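Single-structure report; data block below.
The values are calculated or read from the model by the stated rules, or taken from the named source; none is laboratory data. Small disclaimer: the values here were computed from a predicted structure and weren't measured. Cβ placement follows ideal geometry from the backbone for every residue including glycine, while neighbour counts extend to all protein chains displayed. Quick note on the areas: whole protein, heavy atoms, side chains included, nothing else; ligands and nucleic acids left out. Shrake-Rupley method; radii C 1.70, N 1.55, O 1.52, S 1.80 Å.
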Amino acid sequence: MFLGEFEHLIDDKGRLTLPAKFRAELADGFVITKGIDRCLFVYTLDEWQPLAEKISRLPVTKREARALARLVFAGASDCSLDKQGRILIPSYLRQYANLNSEVVIVGLDTHLEIWDLESWQKVSQKIEEEAESIAEQLSGLI
């Protein structure tokens, strides 16, 4: 389970040190891909496989299904941790999420999100301001 919010820096080579508490779950490898809202999604292999299967089963005749598959699969990269607990984020993914130096790694139970610090602060503030409305709209799903 991934929980919490952690600020880190990306070095000049595009390497990001992941929080120590997440490393054991990611030790066997993981997938990083373009996420929604211009962030990156990080999935363990165990979480990635069912997601990939669901997306693959979507009808290719639907424009939205093709678009989602392109976003998720074309943007995906297999990754592993180095000995210092760092990952190398490919440049095309750093560009997509506008990751330059300061980033936030957010634990969302089944996966992680990696955000540019400024973008995360804006999104987080908006969520907090709209929390009551969001909870009300989703009350039937929880």
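Any idea which of S133, S124 is modelled with pLDDT under 95, in a helix (DSSP H, G or I), surrounded by fewer than 10 Cβ atoms within 10 Å (Cβ to Cβ) and of a type in the set (S, T, N, Q)?
After applying the criteria, what remains is S133.
Among the residues of segment 49-86, which ones are part of a loop (DSSP other than H, G, I, E, B) and either in contact with an Asp or Glu (Cβ under 7 Å, 6 or more places away or on another chain) or under 28 Å from A27 (Cβ atoms) (or both)?
G75, A76, S80, L81, D82, K83, Q84, G85
Could you tell me which numbered condition I36 fails, if it satisfies all but one of (1) of a type in the set (A, V, I, L, M); (2) surrounded by 15 or more Cβ atoms within 10 Å (Cβ to Cβ); (3) outside any helix (DSSP H, G or I)?
(2)
Show the residue pairs meeting these rules: Cβ distance below 9 Å; 6+ apart or different chains; first residue within segment 23-34 and over 12 Å from L45 (Cα atoms) and in contact (Cβ under 8 Å) with a residue 12 or more places away in the chain; second residue open to solvent by less than 10 Å² (accessible area, probe 1.4 Å) and not in a strand (DSSP E or B).
R23/G85; T33/G75; T33/L93; K34/G75; K34/L93; K34/A97
Has segment 6-22 got at least one residue that is under 23 Å from I127 (Cβ atoms), in a helix (DSSP H, G or I) and open to solvent by less than 70 Å² (accessible area, probe 1.4 Å)?
yes
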